[in-house]
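Engineer: Pasting a structure below so you can have a look.
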Amino acid sequence: MSASLSRPRVGVWLIGARGSVATTVVTGCAAVAAGLHPPTGMVTETPAFSDSGLPALSDLVFGGHDTLDCPLPKRAETLTAGGVLPPGVATAVTAELTAADREIRPGGPTPGDTRSEAELISAFADDLRDFLHRHELARAVVVNVASTEPASRGPGTPLPASTLYALAALRAGCPYVNFTPSEGMHHPVAAHEAEHSGLPHAGRDGKTGQTLLRAVLGPMFAQRALNVRAWSGTNLLGGGDGAALADPAAAAAKNAGKERVLADTLGTVPEGQVHIDDVPALGDWKTAWDHIAFDGFLGTRMILQTTWQGCDSALAAPLVLDLARLTARAHETGLSGPLGALGFYFKDPVGTGPSGLSEQYEELLRFGRGLARPGGEGHGTRPVRATEETGEAL
């Protein structure tokens, strides 16, 4: 096939590119593209999105930033030993893992890093521009899958790393997706710049397990007029997320999205809290337990308990691939600003939209139909010209 007739390739730049989620994303994309495994969990691979013009999995090119130096093939071996990846698949896609690993650049700031925030943003943006140029990519979507950060301490404090990466994405002209509870584009500095960038963005905090279930059960109680008195939960998890969320400030950032789902679907926040416990022996697996106390007819008191046991990386990876493809297509069709229609994927979505999972799914389907007709059903805004303040030409 001649170069003029070839399909444009699209970059997926992962922040936290050597973590469990990122490794599973790269491995899974290669395995599905090669026909080694079905695309289980990928909504964008269902018939509803066949005419949406999404980039093919085989046309995605991976790179990213990380502060770790463990090569992706070695990381995939560890995940295979832990039961996250099926036996043999990492070996079968070693070439793809190696190619992606060559595209991972040092992140930051790291201990002892003397670069200023402006220098870090500039360096990260240069890495993205170089990635786009060398691979002759039509565009690249930056997706944050790094460990959760503590919430920002307010004005006058250093910008969190997630916001440095978000600003770098904007400076390089790349759409941005925040799959974590970290501040990222939500920081006022980045939010202001995003507003004038003409770029689409989505987030935050991927909805993979406990909160996914809450987004289904919350509307059920509300629609059946059952009074929820208390809703408590516990998460047991290990791996990098478990260690990061052992920090109370990081756990608070994570729990904010879980609470928002209940507030939005029930119309009130019931009593109870979510506790997160780091259990290193669990590795990438987690158990989430919810205890729901509610009143029925004539005040009869009842209880619903749920237990969710799953593998975080395997739950998150297909969503990351969905989001990268949908956001890339949104960028291609000229949408900008917060992509509220992607709230189906998030605990704390940007923009406006419904909170119940069923309604969010219908909104996502409408979004997919709109992508098939550029300029049709809008789910963002048309791009605006960049201001001199951002310094970016569109």
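Engineer: Taking the 0 to 90 degree range and rounding to the nearest ten, how far is the long axis of helix 312-332 tilted relative to the main principal axis of the chain, both from C-alpha atoms?
Structural biologist: Around 50 degrees separate the two axes.
Engineer: Now for a different question. Using only Cα atoms, find the angle between the long axis of helix 161-171 and the longest principal axis of the chain, and express it within 0 to 90 degrees, rounded to the nearest 10.
Structural biologist: Long axis of 161-171 versus the principal axis of the chain: about 50 degrees.
Engineer: Given a 1.4 Å probe and heavy atoms of the protein chains only, how would you sort Leu326, Leu266, largest accessible area at the top?
Structural biologist: I get Leu266, Leu326, largest accessible area first.
Engineer: What Rg and what Dmax come out for the chain when only alpha-carbon atoms are used, in angstroms?
Structural biologist: Rg, Dmax (Cα atoms, Å): 20.6, 73.
Engineer: Can you return the aspartates and glutamates within cross-link range of Lys286? Criterion is Cα-Cα under 12 Å, with same-chain partners fewer than 8 residues away left out.
Structural biologist: Counting by Cα, and skipping residues close in sequence, Lys286 has these aspartates and glutamates nearby: Asp241, Asp277, Asp278, Asp312.
Engineer: Relative to 2.2 N^0.38 Å, what does the C-alpha radius of gyration of the stretch 156-219 come to as a ratio? Two decimals please.
Structural biologist: For the stretch 156-219, the normalised Cα radius of gyration comes out at 1.29.
Engineer: Please determine, in degrees from 0 to 90 and to the nearest 10, the orientation of helix 357-371 with respect to the longest principal axis defined by the Cα atoms of the chain, where the helix direction is its Cα long axis.
Structural biologist: Helix 357-371 sits at roughly 20 degrees to that axis.
Engineer: Considering the zone a paramagnetic label at Thr234 would reach in this model (a point 7 Å from Cα along the Cα-to-Cβ line), which residues of the stretch 262-278 have amide N under 11 Å from it?
Structural biologist: Within reach of a label on Thr234, which here means backbone N under 11 Å from a point 7 Å along Cα→Cβ, the stretch 262-278 contributes 275-277.
Engineer: With springs only between Cα atoms under 10 Å apart, run a GNM on the chain and tell me which of Tyr361, Tyr165, Tyr176 wobbles the most.
Structural biologist: Tyr361
Engineer: Pull out the extension gain between Val189 and Val269, defined as 0.36 nm times the separation in residues minus the alpha carbon to alpha carbon distance; nm, one decimal.
Structural biologist: 25.8 nm
Engineer: Okay, next question. Provide the convex hull volume over Cα atoms per residue for the stretch 92-156, in Å³.
Structural biologist: That works out to 157 Å³ per residue.
Engineer: Top mean-square fluctuation among His331, His133, His196, Gaussian network model of the chain, C-alpha springs under 10 Å?
Structural biologist: His133
Engineer: I would also like to ask the following. Once the cut-off is 17 Å, how many percent of the Cα-Cα pairs in the stretch 278-347 end up in the long-distance tail?
Structural biologist: Cα-Cα pairs in the stretch 278-347 separated by more than 17 Å: 66 percent.
Engineer: With bins 5 Å wide starting at 0, give me the P(r) of the stretch 119-177 over every alpha carbon pair, in whole percents.
Structural biologist: Result returned by the calculation: 4, 19, 25, 22, 17, 7, 4, 2.
The values are calculated or read from the model by the stated rules, or taken from the named source; none is laboratory data. Treat the numbers as computed from the prediction; the structure is a model and nothing was measured. Glycine also receives a Cβ, built like all others from the backbone with ideal geometry; neighbour counts cover every protein chain displayed. Just so you know, the surface numbers come from the protein's heavy atoms only, side chains and all, with ligands and any DNA or RNA stripped out. Shrake-Rupley method; radii C 1.70, N 1.55, O 1.52, S 1.80 Å.
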